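Q: One structure follows; several queries about it will come next.
The values are calculated or read from the model by the stated rules, or taken from the named source; none is laboratory data. Remember, it's a predicted structure, so these values are computed and weren't measured experimentally. Here the Cβ is made from the backbone with ideal geometry for all residues, glycine too, and neighbour counts use every protein chain on show. Quick note on the areas: whole protein, heavy atoms, side chains included, nothing else; ligands and nucleic acids left out. Shrake-Rupley method; radii C 1.70, N 1.55, O 1.52, S 1.80 Å.
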Amino acid sequence: MPERPAIILDCDPGHDDAIAMVVAARHTELVGITTVAGNAPLARTTRNALIIRDLLGIDAPVHQGSARPLLLEAHAAPEVHGATGLDGADLPEPSGPPASTDAVAFLVDTCRAREGLWLVPTGPLTNIALALRQAPDLRRRIAGISLMGGGTFGNWSPVAEFNVWADPHAAAIVFDAGAPLMMCGLDLTHRFQATAERIDRIRSAPGRLAAVLADLLDFFSAAYIGRHHHMEGAAVHDPCAVLAVTHPALFESEERHVAVETTGQLTRGMTVIDRRDLRSVPPPNCRVMTSIDADAGFDVIVEAIRTRSAAGAPADAEVVR
Ligand code: RIB
Ligand code: CA
């Protein structure tokens, strides 16, 4: 991987999407941020992306994308992320509107103007699927797609993870596209938890960004601990998809064929990962990240927050209560 890979982050902030943005701001050339409906409706995820972008003090453009899945109805996750999609902290107003309301055009135009970009989707895959369908040549122009989604078990259903469940048809297009693909699924991300000790490390960093992110993670972890029997904090899913690009040595992985169920009544959105030891299995289409050095990974997150927070957010961003 290059020293600072160039990426476009496609997200649905979302508490863990916010952490992904911090890591991307610290360790990548963040060419742009595109938003999709997911954890909250599109207007909210776009507003949240603008707010976090501003708090990071970076100038990456935010382009608003798809308000709903390709075929199915949109579903949000207020029970996890709150009604705003980013509940739990005092947040400033966004500094302005998104750069455009056509994220797909931004994805296509930017990837055609510049080869070797990574697409890092951390929400439903609607924007990415539309871009690949509109411009099939992208799959050979990009460095790859590093997505958060899927797994051998679910969180929205017994077998389906939310991002893939929310738009399984889009996910199927992405997994079948033939682009270089990495997948951080729940098997990995559930072992990457925002424990109280880790949140305390973030809160001890100077500056407003650290305080806001610690408050957000407190809210996010309370939701997870309240909903799970044995979790000690929220699974911080989305930064894993960025770290897979910027810090590959943190991971173990395996090349597998992965397909997405789009029609099952009970299995909609299931990622079917073929782990059979048979010569006849389909050729791999995805690098499945199977484990992460969680302590080292959280060290990267804490350092990124410390660095960006010390840089300071714009002083004039007032707080809304
Ligand atoms: O299932 C977890 C994923 O769904 C994360 O990306 C979270 O932000 C939500 O989008
Ligand atoms: Ca997300």
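Q: So D54 clears everything in (1) away from ligand 1 (no atom under 15 Å from the Cβ); (2) touching a helix residue (DSSP H, G or I) at 6+ places or on another chain (Cβ under 9 Å); (3) over 18 Å from V242 (Cβ atoms) except one condition, right? Which one?
A: Condition (2) is where D54 drops out.
Q: Of V272, V260, V281, which residue is under 15 Å from F175 (Cα atoms), of a type in the set (A, V, I, L, M, F, W, C) and more than 16 Å from ligand 1 (Cβ to nearest atom)? Show your work before the answer.
A: Details: V260 fails: more than 16 Å from ligand 1 (Cβ to nearest atom); V281 fails: under 15 Å from F175 (Cα atoms).
Being under 15 Å from F175 (Cα atoms), of a type in the set (A, V, I, L, M, F, W, C) and more than 16 Å from ligand 1 (Cβ to nearest atom) holds for just one of V272, V260, V281, which is V272.
Q: Given the criterion open to solvent by less than 10 Å² (accessible area, probe 1.4 Å) and more than 11 Å from ligand 2 (Cβ to nearest atom), identify the matching residue among A60, A20.
A: Checking each option against the conditions leaves just A60.
Q: Related question: Inside segment 91-186, counting only helices (runs of 4 or more DSSP H) that do not spill past its ends, which hold 3 or more residues that are within 16 Å of ligand 2 (Cβ to nearest atom)? First the steps, then the outcome.
A: Working: elements: 103-113, 126-134, 138-141, 162-166, 168-176.
Correct list: 126-134, 162-166, 168-176.
Q: Suppose we keep only residues that are in a helix (DSSP H, G or I) and among the charged types (D, E, K, R) within segment 6-43. Which one would you say is farthest from ligand 1 (Cβ to nearest atom)? So that I can check it myself, show each step before the final result.
A: First, pick out the residues of segment 6-43 that are in a helix (DSSP H, G or I): 15-27, 42-43.
Now drop any that are not among the charged types (D, E, K, R), which leaves 16-17, 26.
Working: D16: 5, D17: 5, R26: 19 Å.
Applying the filter and picking the extreme gives R26.
Q: How about segment 160-195: which of its residues are among the β-branched types (V, I, T) and either more than 13 Å from ligand 1 (Cβ to nearest atom) or free of Cβ contacts under 8 Å to residues at least 40 places away in the same chain (or both)? Working first, answer last.
A: The initial filter retains those residues of segment 160-195 that are among the β-branched types (V, I, T), namely 164, 173-174, 189, 195.
Hits for segment 160-195 are I173, V174, T195.
Q: I need the full set of residues from segment 187-238 which are closer than 30 Å to I8 by Cβ, part of a loop (DSSP other than H, G, I, E, B) and either open to solvent by less than 70 Å² (accessible area, probe 1.4 Å) or of a type in the set (S, T, N, Q) (or both), in order please.
A: Correct list: H190, F192, A205, G207, G233, V236, H237, D238.
Q: Among the candidates S280, S291, single out the residue that is touching a residue at least 24 places away in the same chain (Cβ under 8 Å) and among the polar types (S, T, N, Q). I'd like the intermediate steps shown before the answer.
A: Numbers: S280 fails: touching a residue at least 24 places away in the same chain (Cβ under 8 Å).
Matching residue, one of S280, S291: S291.
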